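What follows is a single structure, written as structure tokens, with notes after it.
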Amino acid sequence: MKWLKLSIWLALFTPSVAMASWSLGVGASYSPVVYKDTPSNKVVIPIIGYEGEHLYLRGFTAGYRVWKRRSPHNLVFRLAYDPRTLQPSDSDDPIIRQVDKRKSTALGGVSYQYSNRSIGQIEVTFAGDVLGVHDGLYAETVYRIPFRGPRWLLSPSVGYSWNSSKLNNHLYGVSQQEADRIAGLEAFSPDGDGQFFLGLRGVFKFTERIVGTAGVRYTNLEGDLEKSPLLDSTDSFNVNAGLVYTF
């Protein structure tokens, strides 16, 4: 499974600058095994980004802010490619190799942001599948607080994301048809549930144009999701790093 949400990591790779700009660079990321006996996900990707007052493009993510960037309150309309998949042939587990493939999709939605230099940023997002792959819904709330220096930024975050039952069944469930077909596998249909996460993002300006970024995110699935027979682990660390040139 490409558990790493490339759209999110690409957003982290792309630094914020004071005016509309393009950025080009390269990023690398690592996420551990999630499905049983599947390989960890190691990715090296080109980074292409654009940051304007209203519109932004960050790799596989696009968004439009209703108010200008850095406004205390904002609504952001988003569209992002969600690459989370399961390719059964990638697994060495004889049962996982027989389950149905989980396909990638695109998520569209809206976020509300409140930013304050004293207390940080609070963001609430609602999104859903726009390609009809699973018709699931997604919600997330996250709190970030930045610490700034002359050439660096360090931003820890904490949050909770929730998946609807349709999304959870797509990613973690076992249909009755799969259970009837595969010996040793029982049907599993999780309800809406989610995951807590902790993150840390860093940005360092080597020059006015060359910017390095790095981030780590710890995720812990909870509730019914911990019982999924497809999963190798219910907690994970994802790591990324990138280097971009802005112009």
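Only the coordinates and a few stated rules stand behind these numbers; no lab work does. Since the structure is predicted, the reported quantities are computational estimates derived from the model, not experimental observations. Quick reminder, even Gly has a Cβ in these numbers, built from the backbone with ideal geometry, and neighbours come from all protein chains shown.
Modelling each spin label as a point 7 Å along the Cα-to-Cβ direction, I'd like the TYR64/ALA179 distance in nm, to one decimal.
4.5 nm
Measuring from centroid to centroid over Cα atoms, what is the spacing of region 110-169 and region 63-92 in Å?
Centre-to-centre distance over Cα atoms comes out at 9 Å.
How large is the charge dipole for region 46-95, taken about the Cα centre, if only the Cβ atoms of Lys, Arg (+1) and Asp, Glu (-1) carry charge, to the nearest 20 debye?
600 debye
Give me the distance between the Cα centres of region 226-247 and region 31-62, rounded to whole Å.
That distance is 10 Å.
Could you please tell me the mean projected area of the C-alpha convex hull for region 6-246, averaged over all directions and given in square nanometres to one decimal?
12.4 nm²
For PHE247 and SER233 in the same chain, what is the full-extension length gain: residue separation times 0.36 nm, less their Cα-Cα distance, in nm?
Gain on stretching PHE247 to SER233: 0.9 nm.
What's the extension gain from TRP22 to SER118 if we count 0.36 nm per residue and subtract their Cα-Cα distance?
31.7 nm
Between ILE210 and LEU75, what is the spin-label point distance in nm, taking each point 7 Å from the Cα along the Cα→C-beta axis?
A separation of 4.3 nm, rounded to one decimal place.
What 222 nm value per residue comes from the helices of the chain, counting each DSSP H run with n ≥ 4 as -39,500 (n - 2.57) and dividing by all residues, nearest 500 deg cm²/dmol?
-2500 deg cm²/dmol
Go through THR125, ASN41, SER155 and say which Cα lies farthest out towards the positive end of the charge dipole of the chain; charges sit on Cβ, +1 for Lys and Arg, -1 for Asp and Glu.
Of THR125, ASN41, SER155, it is SER155.
For the chain, give the magnitude of the charge dipole about the Cα centre (Cβ charges: +1 Lys/Arg, -1 Asp/Glu; no others), in debye to the nearest 20.
So the dipole magnitude of the chain works out to roughly 1420 debye.
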